[in-house]
Amino acid sequence: MALKYVDEVSLQGKRVVARFDFNVPIKNEKITDTTRIDSALPTINHLLKEGVSKLILMSHLGRPDGKRVAKYSLKLVGDYLAAKLNTEVILTESATDGGIKQLLALPKVKVVLLENLRFHPEEEENDPEFCKILASYGDVYVNDAFGTSHRKHASTYGIVQYFKDRAYGGFLLKQEVQALTKITETPTRPFVAIVGGAKISDKIKTIERLIVAVDHLLIGGAMAYPFLKAQGKKVAKSLCSDNDFELAKKILQQSSAPKMVLPIDHIVADSPEGQAQSCTSIDIPEGMMGFDIGPKSVALFKEKLATAKTIFWNGPMGMFETEAFSKGTMDIARALADIKAFTLIGGGDSVSAINKSGVASKISHISTGGGASLEFIEQGELPGIQALKFGL
Ligand code: AMP
């Protein structure tokens, strides 16, 4: 069954209960980055223009762990939305507040924002009763929260059972699914993936899936060291857990392993706070730790990327938060911007790097969901999206 999106159906006069990802960073009672709310506006504006009778907005914010925590209130989100939409946005006392039904019965009430779903432990537990309460607010369900669609939570998953043939995806979800599908189904070749970051164990499933699908898999960041060690190279004090070392050995035994490209030089120091030094060999000198890929590795990676037609990137090439160890990551970010290929960045630190390098506008698609995009690559699907397609 095909996934239907909000622009493929008429929603005029309907009560629409819609899940978004308004999980924005807040500092000193101010939203410091409104990207996630802004990404939801096309769907919200479309629904309002369509003439829905009520729009009930749902989201989580932060990790209140099932308790009411004032700093995680959606109040600031509601204020921002009201200003952007130029309409009143009523924030409820809680997502299960007994007064919501009466509120929705008032003709002049249009847009209602439910207070943080994760103030209720039932949200993450996918509690049936909680699903039923959320579902009771609408005739139609919309999911535009791509970043949480890998979770089987009440508002992203369980709720769908109450909307047989009345559950739709929003525009952000559509963009994400269309972009990621270009990678998971028939990527234009050569297809090159760059995976970096701290640990192999965190991304083992992604690596296993990618190594089969790609032409080259470039590995940077701390996760390169267990592979180098497994190849008999010296990694000295670099991050390399026993668990990651075992995983690296296993991956290197696979028939696709020759597609893997590892760093050939490094930027090292004796500690994270130490003086950065260049290490021109693959082997890292005793007492030193690798914190970034070196210029020869950047050149090698660029050579593999040069002819690529599809590129996926997740995870930094080094401890890029520290200026002295950020060059490898920044160089790769800039290289991606210059290549004529379909380029997709899968959330998290690689997104900060691409934003910091000032070339974000040259990337074909920057995913709003780190965990969700990785899981989509692994499975070709997410529970929340599958529910929209097939119901529960
Ligand atoms: P991840 O969330 O798995 O993508 O990992 C990102 C984190 O890995 C960032 O905080 C980086 O600072 C860290 N990281 C990447 N490379 C290294 C390295 N060579 N040594 C220490 N930390 C690293």
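Remark: region 317-326, residue by residue, has Karplus-estimated 3J(HN,Hα) of 7, x, 7, 6, 5, 8, 3, 5, 10, 9 Hz, where x stands for each Gly or Pro and the curve is 6.51 cos²θ - 1.76 cosθ + 1.60 at θ = phi - 60°. Dipole magnitude for region 177-379: computed about the Cα centre from +1 point charges on Lys and Arg Cβ and -1 point charges on Asp and Glu Cβ, it is near 660 debye.
Let me check I've understood the local charge: for Phe291, count other residues with C-beta under 12 angstrom from its C-beta, Lys and Arg +1, Asp and Glu -1. What total comes out?
Values: positive: Lys237, Lys327; negative: Asp270, Glu273, Asp292, Glu321, Glu323.
Overall, the nearby charge balance is -3.
If a/c stays under 1.5 just call it rounded; otherwise compare a/b with b/c (prolate if a/b is bigger, oblate if not). Do that for region 1-71, with a ≥ b ≥ c from the square roots of the Cα gyration tensor eigenvalues.
Values: a/c = 2.29, a/b = 2.03, b/c = 1.13.
The shape class here is prolate.
Helix 75-85 axis versus longest C-alpha principal axis of the chain: approximately 80°, rounded to the nearest ten. Across region 233-248, rounded Karplus estimates of 3J(HN,Hα) from the backbone phi angles (6.51 cos²θ - 1.76 cosθ + 1.60, θ = phi - 60°) give 7, 8, 10, 6, 8, 4, 4, 6, 6, 4, 4, 5, 4, 5, 4, 4 Hz, Gly and Pro being marked x.
If the chain were replaced by its equivalent ellipsoid, with semi-axes equal to the square roots of 5 times the Cα gyration tensor eigenvalues, what would those be, largest first, whole Å? If you can, show how the numbers build up before the last one.
Details: eigenvalues 367, 91, 70 Å².
Rounded to whole Å, the semi-axes are 43, 21, 19.
Summing +1 for each Lys or Arg and -1 for each Asp or Glu, what net charge is found among the other residues whose Cβ lies under 15 Å from the Cβ of Gln102?
On the way: positive: Arg15, Lys54, Lys101, Lys108; negative: Glu93, Asp97.
Net charge around Gln102: +2.
Over the C-alpha trace of region 254-356, radius of gyration and Dmax come out as 14.1, 41 angstrom. Using only the alpha-carbon atoms, how far is helix 171-184 inclined from the longest principal axis of the chain? Give it as 0 to 90 degrees, nearest 10. For helix 171-184, the angle is close to 30 degrees.
Each listed q (0.22 Å⁻¹) maps to a log10 I(q)/I(0) for region 48-168, found by the Debye formula over equal Cα scatterers with no solvent: -1.50. Around the Cα centre of region 6-169, unit charges on the Cβ atoms of Lys, Arg, Asp and Glu (plus for the first two, minus for the last two) sum to a dipole of about 220 debye.
Which pairs break 19 Å Cα to Cα here: Lys203/Lys250; Lys4/Lys205; Lys205/Lys389? Each step should come with its number before you reach the end.
Numbers: Lys203/Lys250 14 Å; Lys4/Lys205 29 Å; Lys205/Lys389 24 Å.
Cα-Cα > 19 Å for Lys4/Lys205; Lys205/Lys389; rest within.
Counting only Cβ charges, +1 for Lys and Arg and -1 for Asp and Glu, the dipole size of the chain around its Cα centre is about 760 debye.
Partner lysines whose Cα lies under 19 Å from the Cα of Lys110, excluding those fewer than 8 positions away in the same chain, are identified as Lys14, Lys49, Lys54, Lys75, Lys84, Lys101. Of Ala2, Gly358, Ser271, which is farthest along the charge dipole of the chain in the positive direction, counting Lys and Arg as +1 and Asp and Glu as -1 at C-beta? It is Ala2, whose Cα lies furthest towards the positive end. Near Gly232: Cβ cut-off under 13 Å, other residues only, Lys/Arg at +1 and Asp/Glu at -1. The net charge is +3.
FYI, it's all coordinate maths here, none of it is from the lab. Just so it is clear, the structure is predicted and the values come from calculations on it, not from any experiment. Don't worry about glycine lacking a Cβ; one is built from the backbone with ideal geometry, like all the others, and counts go over all protein chains shown.
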